[in-house]
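Structure first, then comments.
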Amino acid sequence: MENYWIIGLVLAIPIFLLAVFWPRIGLAARLREWRLSAQRQQIEDALKYIFNLQQDHQAPTVDALAGALYLSQRKVLHLVSQMQTQGLIEQGRNRLFLSPEGQRWALQVVRAHRLWERYLADEARVPLNQIHEMAHKLEHKSSQAQIDDLDASLGYPSRDPHGDPIPNASGVLRQLSSKPEPTSVLTDWKIGERGQITHLEDEPPVAYAQLVAEGLHIGQWVTVLAHSNQRITLTDGHREINIAPAIAANVFLQRKDESEAELEDALPLSDLKTSAPARIVKLDDSCQGFTRRRFLDLGLTPGTQISPELDNAFGEPRAYRVRGTLIALRNDQAALILVQPAGSI
């Protein structure tokens, strides 16, 4: 019996050693790979945090970085030292700045994050208050080739769902307009002023969740009805929206441009009465990716005549006649198409 036990032990030892130290698939290799992956994620999170502050013409301190990454002072100092050794950041007067190489890497991470947010919001139909956290996980698991493919499949979108510009494959932030209009925070707007939402800040998440719950979105036109220290009241022409000033500080708008004058009488296609002819003015700015490409393939382009032809007993989808053909659209899809009724053209 003892001999069997000894033989079993002799056989088990090499099997155990192989399981632990086998190259690439052993426990030791997997543990080393996990540590490298965790370290890379910390570096990428740090680069993205510094980049976002630099976009606002700020530079974080070591303490601020520790708070943002939920790391101890000792761990963040070790991280900063590693990043300096790799030539990713520079430090001066307790402030951290990205080096050219750090800037390049940060833009890659930002691009991956914003493209994943675009995909999750438009195609996966994930609630807007959940896409940030999901995109944060996906951005660290995607290769450059995968992100390039995602960008192409989405039709090279220019903005993420929050209104932030998406860098291109070369790491350049796209110029969104040849004549960009100045934007300002909602709390600075006066009663009676009207503007278009261009950005919804997604930090802190609780503030962004409230904005989404109130139905605010990129491209929406709103007018300030009331403004006090307790609340700001808006209208989008259909309903009133009340938000606290602290939440309103996360909303950025631009004033009406002359080129937007034709949108005065525009309404979502989903609000058009049956058999009422209309002309497509534009696709809502929040319509991006596969959905936008499908609309364009169906001929839903500005200037095209369209009219609802058949209602559905269950409410949706609804049939619309466009270019001599009937197409079916859900209400949430039709709401992304802005039209002018025939009587106002």
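The values are calculated or read from the model by the stated rules, or taken from the named source; none is laboratory data. Given the structure is predicted, the values throughout are model-derived calculations rather than measurements. When we count neighbours, we look across all protein chains shown, and the Cβ atoms used for this are built from the backbone with ideal geometry, even at glycine.
List of remarks:
- Yes/no for residue 275 being on the phi > 0 side of the Ramachandran plot and at pLDDT below 90: yes
Each row is one residue, and each column tells you yes or no for (1) touching a strand residue (DSSP E or B) at 6+ places or on another chain (Cβ under 7 Å); (2) surrounded by fewer than 21 Cβ atoms within 10 Å (Cβ to Cβ).
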position: 77; (1), (2): no, yes
position: 116; (1), (2): no, no
position: 145; (1), (2): no, yes
position: 158; (1), (2): yes, yes
position: 166; (1), (2): yes, no
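- Single match in 243, 280 (criterion: closer than 27 Å to residue 200 by Cα, at pLDDT 90 or above and outside the structural domain of residue 205 (by TED's automatic domain parsing)): 280
- Look at region 152-171: where a residue is assigned by TED's automatic domain parsing to the domain that holds residue 290 and at negative phi, no partner that is outside any loop (DSSP other than H, G, I, E, B) and modelled with pLDDT of 85 or more sits 6+ places away or on another chain with Cβ atoms under 9 Å.
- Test result for residue 152, under 30 Å from residue 333 (Cβ atoms) and out of contact with any helix residue (DSSP H, G or I) (no Cβ under 8 Å at 6 or more places or on another chain): yes
- Qualifying positions in region 303-324 - without any contact (Cβ under 8 Å) to a residue 24 or more places away in the chain and either among the small types (Gly, Ala, Ser) or loosely packed, with under 13 Cβ neighbours inside 10 Å (or both): 312, 313, 314, 315, 319, 324
- Index of the failed condition, residue 164 passing every other in (1) under 17 Å from the mean Cα position of the chain (by Cα); (2) modelled with pLDDT of 90 or more: (2)
- Matching strands (runs of 3 or more DSSP E) fully within region 275-339 where at least 2 residues are among the β-branched types (Val, Ile, Thr): 278-283, 325-329
- Residue match in region 190-199 (condition: part of a loop (DSSP other than H, G, I, E, B), under 30 Å from residue 296 (Cα atoms) and modelled with pLDDT under 90): no
- Selection count, region 290-328, where residues are touching a Lys or Arg at 6+ places or on another chain (Cβ under 6 Å) and closer than 21 Å to residue 159 by Cα: 1
- Yes/no for residue 254 being surrounded by fewer than 18 Cβ atoms within 10 Å (Cβ to Cβ) and among the polar types (S, T, N, Q): yes
- Top-ranked residue of region 256-272 - restricted to ones that are modelled with pLDDT of 80 or more and of a type outside the set (Gly, Ala, Ser), ranked as nearest to residue 340 (Cα to Cα): 267
- Sole residue being under 13 Å from the mean Cα position of the chain (by Cα) and either modelled with pLDDT under 90 or within 29 Å of residue 84 (Cβ to Cβ) (or both), chosen from 110, 172: 110
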